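Readers should treat all values here as calculations from the given coordinates under stated rules, not as data from a laboratory. This one's a predicted model, so the numbers in the text were calculated from it and none came from an experiment. Glycine gets a Cβ as well: all are built from the backbone with ideal geometry, and neighbour counts include every protein chain shown.
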Amino acid sequence: MWFCYIILALALSNHIVTADIEDRRRFSNPTYYNVGGVLSSNESVAFFKDTISNLNFKDQYVPRGVTYHDYSILMDPNPIKTALNVCKDLIGHRVYAVIVSHPLTGELSPAAVSYTSGFYHIPVIGISSRDSAFSDKNIHVSFLRTVPPYSHQADVWVDVLKHFNYMKVIVIHSSDTDGRAILGRFQTTSQSIDEDVDRKVVVEQVIEFEPGLDSFSDRLIDVKSAQARVFLMYASKTDAEIIFRDATYLNMTTTGYVWMVTEQALDAANAPEGLLGLRLVNATNEHAHIQDSIYVLASAIRDMNTSEEIHAPPSDCDNSGSIWTTGRLLFDYIRRQSLENGATGHVAFDDHGDRVHAEYDMVNVRAQGEHVAVGKYFYSKETQKMRLELKEHEIIWMGRSLSKPEGFMIPTHLKVLTIEEKPFVYARRIFDDSDCTPEEIPCPHYNASDDIDYMFCCKGFCIDLLRYLSKAINFTYSLALSPDGQFGNYIIRNLSAPGAKKEWTGLIGELVYERADMIVAPLTINPERAEFIEFSKPFKYQGITILEKKPSRSSTLVSFLQPFSNTLWILVMVSVHVVALVLYLLDRFSPFGRFKLANIDGTEEDALNLSSAIWFAWGVLLNSGIGEGTPRSFSARVLGMVWAGFAMIIVASYTANLAAFLVLERPKTKLTGINDARLRNTMENLTCATVKGSAVDMYFRRQVELSNMYRTMEANNYDNAEQAIQDVKNGKLMAFIWDSSRLEFEAAQDCELVTAGELFGRSGYGVGLQKGSPWADLVTLAILDFHESGIMESLDNQWILRNNMLNCEENEKTPNTLGLKNMAGVFILVAAGIVGGIVLIIIEVVYKRHQIRKQKRMEIARHAADRWRGTVEKRKSLRASILPSQRRAKSNGFKEAGTISLVVDRSARRRDEPRVPRYLPAYTPDVSHLVV
């Protein structure tokens, strides 16, 4: 049976080998491959030859019919000679790849090999070069390495810091390529989005120095007052000795400090006891790296041989007319290889060709410079990730302490920020000659240059809370107002660019950029803010609600007309005059309406006229006494009784509705809450708003179902809540959406304001702190204790409920009383009647005087006519009496001696006598002959 299995296996292997040979024949791929080596010693050259020889017998790496040959040279300190030797001894033998180690002396030999080979895209595998410059593929286009660059130690730093829960550090690095590279990689890795946002490491300060230090005291003095006590350092051995010397002199290597360094600094002669450093495993084992490099190369050629056509490499450095395209493919195949069980561990490469998954030892410096491994950083086959294992109980910390330091210094004086938001914070501006009251705290407003712009005094709920916190957890503080008067909003810079990031403004920005230590204000806890700052447990729970002004009842000048509609009033007016007209007609044409009634005084009463009928109709409607002008006929009186009944019903209905409209009616809120259709419907003429960049604004951004409403609100949003609430009071804004605590307080202050609907978006107010702040837990515990001891309840009663919110509720239960605002129209109507009466009486007086003057003129004319007529009659009679006597005288023979003048002397004429016409003939009778 076993014999059959062996025969079958041999057949399958022969089939596979035959298939491989056929593939190679199809592509005409080479059957032998030359591998070059630039090594540092003869022992390494010998090991290189032996490894290549043994490789030819490993079927898993080398198919049958394929043979590897080695060509190696020793490293020359002179980079020019190294480049010439590469061209002559390696490229001249058509090598497919070059394995290079670090030179014994000089720093440019690996670069010379990389430049020379890279020109023809011949892959170069470094086994000891760890400079970050070799990661730049623009310069070293075909360079790979089985050792990681120094900057990869930042990955270990991040895991160690998170293991010890050190979230704030100070980085010290040289200004060379490796120093800047390790800082960049540390910042990128520590802020990776794949990690928990609550465990991001924050770099408090960065100290960059030029290599070749003489003194480092000034730089250390600057950071001695920093909060972080964890130092990460990348420096050469020489520079590290200078830094350790000055740090020891400044007592910065004592208990409470933590120093973590890279491999070069770990070898400093004066490395302090308690130092933690990293050391790459197998970093100096050149033979192990040579073996892994050869096996990785063989694996890449094996995979490439089955799927790609392989061309021979260049054979002469003088012929630069063509580029070896196979070299590019081979570089990519090598970069994709991985060895699970390599001599140096798990071997793999990143996109830059740098070794990943390299193993490190965590080294602890003891007395007399002894280095003890207290942990390791290695690749876990189970999780297929790097894993950190530490023996914390074996670590000796700075100052020979056996307990892990806190890693930070807790400051005793904090810079606290707040913002004016009644009733939590009241800000009162003061001048030089004014002082704050005992319940107030000075809270200046600083401008952009950190100069005091204005001085204020602050009091309120949050100010008292700050006092309680400072006493409970023992810190001092300096209080200031928000620089821009806002809670804080994030602005996304370079939105279209791949490096877009959020920049915060307001209070949040001051905390994020470490210009403040704490925020004690009505600061809403939400996910956007919690990503960048730390929050305590809520000191007050609240939600979002809507503030609006109570719908005012109609209190115009015609409020008394509200009980009836306009149509009904018109019909009543028309009915009065129609009934009056019908009464007049009935009484006029009734046979019993025009008879005369004899009064006591002997006068007679006329029948009902139209004016009296209208007066009667209005008198009945308005319930006034009717003295005269009542209907006499039976038919008219029946209509009058019906009209009186109609008037009684109308007046009673008006009185009842007037009470309902002006006294008992209570306004209701316009909105039912956030789900009111008028808020959701953007076509409605309803203005609503909130504060720009506030937590409420962020809430509406998150809610997809409120997106239409948010787009409408966005154009109306205010810069602060004070202005919005004032506009609600003035009627300019119909609905203001804000925190329930503030709006309920405003509604209690002004009974004309009311909150609508139920709370939504429930959250809480918390104290804001920096990420990783040592005060976070202390503040949270203090606030929980305040809740249990009743301090929070007393603050609520003192600042929020002190204006007695029940006043408005009591007013709601009592009926309204009519005031001048409601009945002003009635008084104006009376005033109009008075003015109308005065105007009419003036018209009547003027008209009467005009009539009197007209009558006088007529009377004078009549008197004048009567006098003239009387005079004429007298003259006629006188003439009639004189003429007969003249005739008798003539008949008796008398001669006319003269004439008698009939002209009346003007002076003797009375003024009221009519003038005698001048054209009357003057006649003067001669009376001389008369004898008395």
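With a cut-off of 14 Å between beta carbons, the residues surrounding residue 350 carry a summed charge of +1, where Lys and Arg count +1 and Asp and Glu -1. Inter-label distance, residue 869 to residue 392: 14.2 nm, where each label sits 7 Å from its Cα along the C-beta direction. The slack between residue 453 and residue 249, meaning 0.36 nm per residue of separation minus the straight C-alpha distance, is 69.2 nm.
How far, in nm, would the chain grow between residue 221 and residue 238 when pulled straight, counting 0.36 nm per residue and subtracting the alpha carbon separation? Could you put the intermediate results ahead of the total?
On the way: separation 17, 0.36 × 17 = 6.12 nm, distance 2.06 nm.
Full-extension gain reported as 4.1 nm.
Of the trypsin sites (Lys or Arg not before Pro) found in segment 498-548, the ones in coil according to DSSP and having at most 15 other Cβ atoms within 10 Å of their Cβ are 515. Here segment 122-276 is treated as an ellipsoid with the same Cα gyration tensor; its semi-axes, largest first and in whole Å, are 27, 20, 13.
If R0 equals 41 Å, the separation of the Cβ atoms of residue 582 and residue 846 corresponds to a calculated FRET efficiency of about 0.70. Partners of residue 549 within straight-line reach, counting lysines whose Cα lies under 27 Å from its Cα and excluding those fewer than 8 residues away in the same chain: 422, 540, 668, 670, 692, 729, 732, 813, 821. Under a 5 Å amide H cut-off, with hydrogens placed 1.01 Å from N, residue 734 pairs with 687 among residues at least 5 apart or on other chains. Count charges around residue 287 for me, please; just the other residues with Cβ under 15 Å from its Cβ, Lys/Arg as +1, Asp/Glu as -1. Residues near residue 287 contribute -4 overall. How much FRET efficiency would the formula 1/(1 + (r/R0)^6) give for residue 341 and residue 80, where r is the Cβ-Cβ distance and R0 is 45 Å, rounded to 0.05? That pair, residue 341 with residue 80, gives E of 0.65. Sequence-ordered 3J(HN,Hα) estimates for segment 345-358 from the Karplus curve with 6.51, -1.76 and 1.60 and θ = phi - 60° stand at x, 7, 9, 7, 10, 9, 5, 8, x, 8, 5, 10, 6, 6 Hz, glycine and proline given as x.
Put a dot 7 Å past the Cα of residue 638, heading toward its Cβ, do the same for residue 31, and the two dots end up 14.2 nm apart. Residue by residue, segment 229-234 carries 3J(HN,Hα) couplings of 10, 10, 10, 10, 10, 10 Hz when phi is fed to the Karplus relation 6.51 cos²θ - 1.76 cosθ + 1.60 (θ = phi - 60°); x denotes Gly or Pro. 3J(HN,Hα) along segment 614-623: 5, 4, 5, 5, 5, x, 5, 5, 8, 6 Hz, from the Karplus curve 6.51 cos²θ - 1.76 cosθ + 1.60 with θ = phi - 60°, whole Hz, x for Gly and Pro. Per the Cα gyration tensor, segment 363-432 maps to an equivalent ellipsoid with semi-axes of 50, 22, 9 Å, ordered largest to smallest.
Close amide H pairs (under 5 Å, H built 1.01 Å from N) link residue 718 with 690, 691, 692, residues at least 5 positions away or on another chain.
How far apart, in nanometres, would the label points at residue 732 and residue 311 be if each is projected 7 angstrom from Cα along the Cα-to-Cβ direction? So the two model labels end up 7.7 nm from each other. Once the C-beta distance of residue 678 and residue 403 is scaled by a Förster radius of 56 Å, the resulting FRET efficiency is 0.30 to the nearest 0.05.
Amide hydrogen proximity for residue 477: with H placed 1.01 Å from N in the peptide plane, the residues at 5 or more positions away or on another chain lying under 5 Å are 414. Among 212-225, 160-173, the peptide with the highest mean count of other Cβ atoms within 10 Å heads the list, and the full ranking is 160-173, 212-225.
Only lysines eight or more places from residue 88 in sequence, or on another chain, were considered; those with a Cα closer than 22 Å are 49.
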